1. Quick one: 55, 210, 277, 248, fewest Cβ neighbours within 10 Å first, how do they rank?
2. So what's the angle, to the nearest 10 degrees on a 0 to 90 scale, between helix 2-23 and the longest Cα principal axis of the chain?
3. Which value, in Å to one decimal place, does the Kirkwood hydrodynamic radius take for the range 115-273 when every pair of different Cα atoms is included?
4. Given R₀ = 51 Å, what would the calculated FRET efficiency be for residue 229 paired with residue 400, taking r from the Cβ atoms and rounding to 0.05?
5. Given the Cα-Cα distance of residue 509 and residue 140 and 0.36 nm per residue of separation, how much length would full extension add, in nm?
6. In whole angstrom, note down how far apart the Cα centers of the range 115-150 and the range 338-401 are.
7. Between residue 210 and residue 534, what length in nm is gained on full extension when 0.36 nm per residue of separation is reduced by their alpha carbon distance?
8. If you count, for each residue, the other Cβ atoms within 10 Å and average over each peptide, how do 220-233, 397-410 line up from highest to lowest?
């Protein structure tokens, strides 16, 4: 048996190595440098998945060792763990030097103080967002927009464990599959007196009318929700912020482990295993900010596991005892193909919302889009390692148990690259960053200053619309969009900020407690337990704090 298990582990290691080698192929647009600090202007959030919980796994597995004392040969347990989770305790108070970066709401934003609140107004340098770029026109008033996301996860984890021996060394097998939903309500709010304004002639039309084009949106909530057109301005297809979004009910990663208990007797055991996880949940498509992803966002996983327990104390009558449980895993998250939105490399954070004019063969095509429409691209994502560890102290008194434990979860920085096999048909060099310049004025209004662009414009700062035809008086940075070199580079690695969209390393700490009851006199020792937990994050917004309550139930065999 030992020889067979060694062969199994060796074969699994070879398989994992082969997949890793396939993933190691070079890419024209790979970013692997260490990412640290505050994450901003990232539309995708990849949280600690519901399916990855060693604390829940301990609660569901330990009845196999506690339920039936006289079992010989194969033994096991089948159980279901229900859990409801909600985020809490977002910190909105910014420190003068360090900024905020502690709120999930600050992740998609690019506020100067790293908070979940941005200033909106004109194109001057003291604002985070120029309302002109999002369809509100050249406003003369100001305001602030804030995001306070509320996140819910709820699901049921179906768990099966079977082992060859309970008090001797032997193989074991386990499989679990959580099914559930995740919901994200961005709770976007506005404060201020911001009023939409009419776009000047030629900005969004051919300039032949007596007036300009009315702003398609009346407020910032409508603008982020997208869905409207105005003249040449097309609908925003990606990066939208709308009302509450909920994932469909789905399995969130089907996991399996095959292992060997290297030591086992009546009071303790120690097992090691190889683990595999198949992605069965949904994946990001880029349409909305903070998409609710139930599971690991399409990542296959493989790695190792160690699990064990030790009866540290037992009364003379065997009706009271104290167990210590531990369970830990380390897994590599293999390549996931999904969709991601990017900022422009030359234009800074938030530049995915800048207005672009489309030029084909150096001629304006009467089309203006927010950059996110053309910088949302297919990607390949992987993580070197994700670790999860839980330790539990479990006291039993007759049929009751009272447990208290700790769980740690962590994941290193993401490796991200554009999927070069599926780049799409868009040539970014067909697009020019407009800033507040006019791409076309067929009637020759505004002094005939058409086809100008501002390649280095920022989302909160750009130059005013030109008011002179004297070439010598045209400010530096304003250039003709009809020249290909003045438009966005065609090479993706030169055009978009890949590194800025990589998920940063993240880790959390959770405390949990359980009260349970086992009907030991029954043939299958059915059990039921209730648990509560609180998960805490580290210093920035790479992870989110959750509280949770749960219910476990099942039987042993």
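1. Ordered by Cβ neighbours within 10 Å, fewest first: 210, 248, 277, 55.
2. 0
3. 20.4
4. 0.20
5. 128.2 nm
6. Computed from Cα coordinates, the inter-centre distance equals 22 Å.
7. 110.5 nm
8. Highest mean packing first, the order is 220-233, 397-410.
No value in this document is a laboratory result; all are computed from the given coordinates. Keep in mind that what you see is a predicted model, and the values were worked out from it rather than measured. Every residue, glycine as well, gets a Cβ built from its backbone with ideal geometry; the counts of neighbours run over all protein chains shown.
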